[in-house]
1. Classify region 219-305: rounded, prolate or oblate, from the alpha-carbon gyration tensor (a ≥ b ≥ c, eigenvalue square roots; a/c under 1.5 rounded; otherwise prolate if a/b is larger than b/c)?
2. About its Cα centre, how strong a charge dipole does the chain have in debye, to the nearest 20, once Lys and Arg get +1 and Asp and Glu get -1 at the Cβ?
3. Taking a quarter of the surface of the Cα convex hull of the chain, what do you get in nm²?
4. Going toward the positive end of the dipole of region 183-278, with +1 on Lys and Arg Cβ and -1 on Asp and Glu Cβ, which of 232, 266, 211 do you reach last?
5. Sequence neighbours fewer than 8 away in the same chain don't count; with that in mind, list the lysines whose C-alpha is under 26 Å from residue 379.
6. Stokes-Einstein at 25 °C, 0.890 mPa s, Kirkwood radius from Cα pairs: D for region 240-384 in µm² s⁻¹?
7. In percent, how large is the relative contact order of the chain, given Cα pairs closer than 8 Å and 6 or more residues apart?
8. Excluding residues on the same chain fewer than 8 positions from residue 49, give the lysines whose Cα lies under 22 Å from its Cα.
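FYI, it's all coordinate maths here, none of it is from the lab. Remember, predicted model here, so these are calculated numbers, not experimental data. Because the Cβ atoms are built from the backbone with ideal geometry, glycine has one as well, and the counts that use them run over all protein chains shown.
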Amino acid sequence: MHSIKYILNLLFIATYSAGFTQEVVPKMYTVDEIVQLALDNNQKLKVSKKSVDIAQQQTKIYRQLQLPDVSFGSTAMYLGDIAILDKDFSKQTTVDMPHFGNTFSFQAQQLIFKGNTVKNTIKIGALQEQLALLNADNDALDIKFLVISNYLDLYKLYNQKQVFEENIKLAQKRIDNVTSLYDQGMVTRNEIVRGDLLLATLNQAVVTIDNNISILNNQLTFALGLTQDTIIIPDEQTLKTDFAIQAFDSYKEEALANHPLVRSIQLQSEMAETSLAITKSEKLPVLAGIAGYNMQRPLTNSFPINDVYFNNWQVGISLTYNIESLYKNNKRSGLEKLKMEQVSEVKTLTEQNLHVAVKAAYLKYNEAISQRTTYMESKHLAEENYKIIEKKYLNQLALITDMLDASNSKLEAELQFVNSEINIIYAYYNILKTVGNL
């Protein structure tokens with residue numbers, strides 16, 4: 001595994017050799033730290049959190065339906081003189097009247113009964129609020145797994161770079177040995193050329209890895225809300241964590257009980273039932289309490305006209321019934337029932353998909369464990385084979401092609417092994433993500 005000093009040395013060499021002029025800020029982050037940074041700073045999660053705020057505000061608006069409707073009005077006007085005409089529109093007579101008029105009115109209405117429509121509307125708002133929270137949780141689940149995946153991919157690249165650097169040293173040592181043999185006339189120039197070609201290939205691989213590190217680091221800094229000059233160094237203690245898993249059935253039960261998608265569908269089902277109840281309640285009469293007060297000047301329904309305020313007030317109840325609901329609401333009720341049936345089918349589909357996903361994640365984890373054991377053995381065998389071929393080559397008992405084949409086998413086995421260790425961590429977090437417990 002990398003030592004911290006070794007990683008930083010490689011990092012600075014790669015950074016300055018790539019032509020960067022700005023000062024980099026390398027810092028080591030653990031998995032928990034990058035997850036927390038993503039939860040705090042990721043832009044997609046900020047959008048999801050705003051959706052939650054909007055849903056909460058909408059619920060507050062729905063709650064205001066419980067409050068009375070109150071209105072106040074006031075008018076001021078200029079009144080012209082009254083013209084009185086006969087039936088044949090002749091003998092016009094003009095009656096003087098006060099020219100200034102004004103009115104004041106106050107109206108209040110409080111809903112008493114509407115078939116629980118208001119209560120169910122508020123319930124819809126509360127369910128939408130919970131649904132927004134679950135959608136935010138699901139987005140957070142995706143973001144956490146994304147940054148963990150990128151973090152582990154970055155870890156792989158650093159490990160791969162170390163493997164290539166070590167093989168470059170071996171290749172250079174081999175070239176030096178071959179050059180010494182060439183100077184002694186024991187090998188041809190062709191063997192030096194083939195060694196140089198292998199060394200060039202290894203150096204180019206390191207350049208490619210450096211570029212991939214830079215690209216992945218840039219993606220991670222955006223996702224975590226870090227400055228672009230930050231260089232993320234994976235914590236080497238990550239591989240030392242115990243990633244033991246539970247039995248498959250426990251993960252399956254956890255996914256079907258707690259995954260945000262399952263809980264969201266449960267809320268959608270409840271929302272569909274509540275919407276149906278609201279639609280049915282529209283067939284019921286509406287009972288409300290009313291109160292009002294009016295003041296008007298001048299008094300125009302008397303003769304002569306009096307320039308005084310006319311006051312009246314009223315209080316009572318109002319009963320209304322929407323007759324058209326008897327023949328229109330049946331179609332709407334049918335629509336709400338179809339939505340309920342659709343949600344039920346979506347629930348079944350989601351549970352099936354989760355079962356398949358959990359099973360696949362569980363098998364991939366066990367596969368990763370098996371691969372590490374296999375690749376560890378392959379690594380030991382490749383290293384042993386390399387030492388044997390190298391000794392034979394130096395003693396003129398093997399060809400350069402045998403040496404290159406052994407070197408390539410050793411390199412491939414080492415890469416497979418370092419990747420297999422990280423694949424176990426990835427498979428573990430994939431299980432947690434699949435069951436909704438990441």
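1. Here region 219-305 falls in the oblate category.
2. Result for the chain is approximately 1000 debye, rounded to the nearest 20.
3. With every direction weighted equally, the projected area is 39.3 nm².
4. Going by the Cα projections, it comes out as 211.
5. Output for residue 379: 5, 156, 161, 169, 173, 240, 364, 387, 391, 392, 410.
6. 107 µm²/s
7. Result for the chain is 22 percent.
8. Within reach: 60, 123, 144, 433.
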